[in-house]
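Below: the structure, in structure tokens.
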Amino acid sequence: MEDNSAMAGKLKYALGAVVVAVAAAAAVFVAGGASAAPESTFVLLDGSKKTTADLKGKVTLVNFWATSCVTCVAEMPKMVATYNKYHGQGYQHMAVAMSYDPPSYVVNYAETRKLPFQVAIDNTGKVAKAWGEVQLTPTSYVVNKKGEIVKRYVGEPDFAELHKLIEKLLAET
């Protein structure tokens, strides 16, 4: 019979392995390669609407975020830099604020930071639900020109890797 300290050590090791496996799974390609982006309607800050169909023909990063999310706020300047670097080549960014984020906070953030890309508010949570029950922020999806999700990031992306992927997808016809 093992003593408690040996069992505790094995339990810590097993839990550590589970955490590593979950983190690795969150950063890998969507299972089975590309899958169609879910049909969604994005309500933009100006009240206009965009749909998933409007994403076709461009490489798009759909980024679920919140003004209360420290990582989201920290990554936002890099998101802006990525958008500025590639948007002239057919890249777009859709920042989707989570349903719990007060709309006035989202508008204030977008205006004071002069976000250059589209910002939507998911008041009902339907968009986050359609995109795989998104609950953790930031969660971002890279969508190719065909409207297929090719990559999902939970947490801040590795921006060097993201830029390589964007360049590869922009080069595709």
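The values are calculated or read from the model by the stated rules, or taken from the named source; none is laboratory data. Please read all numbers here as calculations on a predicted model, not as lab measurements. Quick reminder, even Gly has a Cβ in these numbers, built from the backbone with ideal geometry, and neighbours come from all protein chains shown.
Counting only strands (runs of 3 or more DSSP E) wholly contained in region 88-146, the ones carrying 2 or more residues that are at pLDDT 95 or above and hydroxyl-bearing (Ser, Thr, Tyr) occupy 139-143. Of all residues in region 143-173, those satisfying the criterion of being out of contact with any helix residue (DSSP H, G or I) (no Cβ under 6 Å at 6 or more places or on another chain), among the aliphatic types (A, V, I, L, M) and crowded, with 16+ Cβ neighbours inside 10 Å are ILE149, VAL150, LEU162, LEU165, LEU169.
Would you confirm whether or not region 124-145 contains a residue that is β-branched (Val, Ile, Thr), over 21 Å from PRO38 (Cα atoms) and touching a residue at least 40 places away in the same chain (Cβ under 8 Å)?
Checking region 124-145: not a single residue is β-branched (Val, Ile, Thr), over 21 Å from PRO38 (Cα atoms) and touching a residue at least 40 places away in the same chain (Cβ under 8 Å).
Picking from residues in region 116-160 that are within 12 Å of the chain's Cα centre (by Cα) and basic (Lys, Arg), the one that is nearest to THR173 (Cα to Cα) is LYS151.
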